[in-house]
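Take a look at the structure set out below.
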Amino acid sequence: MEIYVGNLAYATTDDGLKAAFAAYGEVTAARVVKDRMTDRSKGFGFVTMPDAGQAQAAIDALNGHELDGRTLRVNESQPKPREERRGGFRGGRGGFGDRGGFGDRGPRRESRW
């Protein structure tokens with residue numbers, strides 16, 4: 001079972017997160033999510049525990065518990081909702097002749113010459 005852990009202190013490490021959950025059972029993975037540009041914690045992470053009973057015990061015990069000076073928000077991880085994508089370049093609109101392409105410039109003006 002994958003567990004979401006929110007409101008982490010910026011100083012919390014993967015090993016610290018794993019140690020907090022290891023008291024309640026086997027932890028197969030623990031990671032603090034970091035910003036790619038700054039390599040700084042984003043304040044949340046995920047823990048994977050293979051036994052659902054142990055995972056639920058950890059959730060019940062650690063939700064509202066303090067770790068590294070911050071009160072944790074712990075619950076079962078939910079799948080991230082995916083947005084529907086519509087093409088890439090120019091937002092999925094057409095090219096030359098169909099609305100939104102180069103053919104929508106309006107009526108041409110006649111030259112005065």
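Checking the structure you have, find out if any residue of segment 28-37 is in a loop (DSSP other than H, G, I, E, B), modelled with pLDDT under 95 and either among the hydrophobic types (A, V, I, L, M, F, W, C) or over 20 Å from the mean Cα position of the chain (by Cα) (or both).
Checked against the condition, which is being in a loop (DSSP other than H, G, I, E, B), modelled with pLDDT under 95 and either among the hydrophobic types (A, V, I, L, M, F, W, C) or over 20 Å from the mean Cα position of the chain (by Cα) (or both), segment 28-37 yields at least one hit.
Restrict the check to segment 50-71 and report whether at least one residue is of a type in the set (A, V, I, L, M, F, W, C), assigned to a loop (DSSP other than H, G, I, E, B) and over 14 Å from ALA9 (Cα atoms).
No; the residues of segment 50-71 include none that is of a type in the set (A, V, I, L, M, F, W, C), assigned to a loop (DSSP other than H, G, I, E, B) and over 14 Å from ALA9 (Cα atoms).
Determine whether GLY87 is modelled with pLDDT under 65 and surrounded by 10 or more Cβ atoms within 10 Å (Cβ to Cβ).
no
Restricting the first residue to segment 6-22 and requiring it to be under 18 Å from ARG73 (Cβ atoms) and touching a residue at least 60 places away in the same chain (Cβ under 8 Å), which pairs with a second residue that is assigned to a loop (DSSP other than H, G, I, E, B) and of a type outside the set (A, V, I, L, M, F, W, C) meet a Cβ separation below 8 Å and a spacing of at least six or different chains?
Listed pairs, sorted by first residue: LEU8/ASP68; ALA9/ASP68; ALA9/GLY69.
Filter segment 3-27 down to residues that are aliphatic (A, V, I, L, M) and not in a loop (DSSP other than H, G, I, E, B) and give me whichever is surrounded by the most Cβ atoms within 10 Å (Cβ to Cβ).
The extreme case among them is VAL5.
Hey, can you tell me all the residues within segment 61-85 that are free of Cβ contacts under 8 Å to residues at least 24 places away in the same chain and either among the small types (Gly, Ala, Ser) or in contact with a Phe, Trp or Tyr (Cβ under 9 Å, 6 or more places away or on another chain) (or both)?
Within segment 61-85, just GLY64 meets the criteria.
The values are calculated or read from the model by the stated rules, or taken from the named source; none is laboratory data. Because the structure is predicted, anything quoted here is derived from the model rather than measured. No Cβ is skipped: glycine too gets one built from the backbone with ideal geometry, and neighbour counts run over all protein chains shown.
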